[in-house]
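Enquirer: Sharing a structure below in structure tokens format, with a few things to ask.
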């Protein structure tokens, strides 16, 4: 059975989760990576979607909070808060060997999402942003203003070489502040348009 997410009360089943890596300069710097010449793209399968936030899967997991968009009829139809879970030690090993990241990024439970909120094209502007708190302390914050590749640019670039199906999710990259998840941590993710709260979701790490 395929996993679904919600736009309000409506269920949507993504065929694919398309992720943008290294889209915030300060995040690139905190992990000691080089600024890429081209947009970094990788995929997570539908089976990665989970309602639970896990702290361990073969090794300790790291969190990366992201603004996430659902695509319908070739446009962004909704925005939500997502967490890209990463096996950081495995990812570092794969990168050192020049191998793909999927084993560190595409495992079951590697994508956790809030509900999604319907938006208009005009809503995707420099005031769209996220805030992640862990145990009531701000861990990550950032948004469109700080992105190297803005959402509409991302969609245009993806559409130039792959089909983005209705219901697919685009994870647009993470700002600085990533780190290890500890069991019992309280995560709260919020998406704002300016000062207006669009989406809020909390999880207790398992």
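A short reminder: the numbers here are calculations on the coordinates, not readings from a lab. The model shown is predicted, which means the values in this text are computed figures rather than measured ones.
Enquirer: If every alpha-carbon in the range 46-126 counts as one equal scatterer, what log10 I(q)/I(0) does Debye give at q = 0.20 1/Å?
Expert: So the normalised log intensities work out to -0.89.
Enquirer: If you take every DSSP beta bridge whose two residues both sit in the range 5-204, what share of them, in percent to the nearest 5, is antiparallel?
Expert: 90 percent
Enquirer: Now, a different point. Using alpha-carbon positions, what is the distance between the centroids of the range 83-129 and the range 140-174, in Å?
Expert: Comparing the Cα centres of the range 83-129 and the range 140-174, I get a distance of 11 Å.
Enquirer: For the range 5-204, what is the convex hull (Cα atoms) projected area averaged across all directions, in square nanometres?
Expert: Taking the Cα atoms of the range 5-204, their convex hull projects to 10.4 nm² on average.
Enquirer: Give me the number: length gained by fully extending residue 162 to residue 200, i.e. 0.36 nm times residue separation minus the C-alpha to C-alpha distance, one decimal in nm.
Expert: Once the chain is fully extended between residue 162 and residue 200, it gains 10.6 nm.
Enquirer: Which whole-number percent is the relative contact order of the chain (Cα, under 8 Å, 6+ apart)?
Expert: The value is 30 percent.
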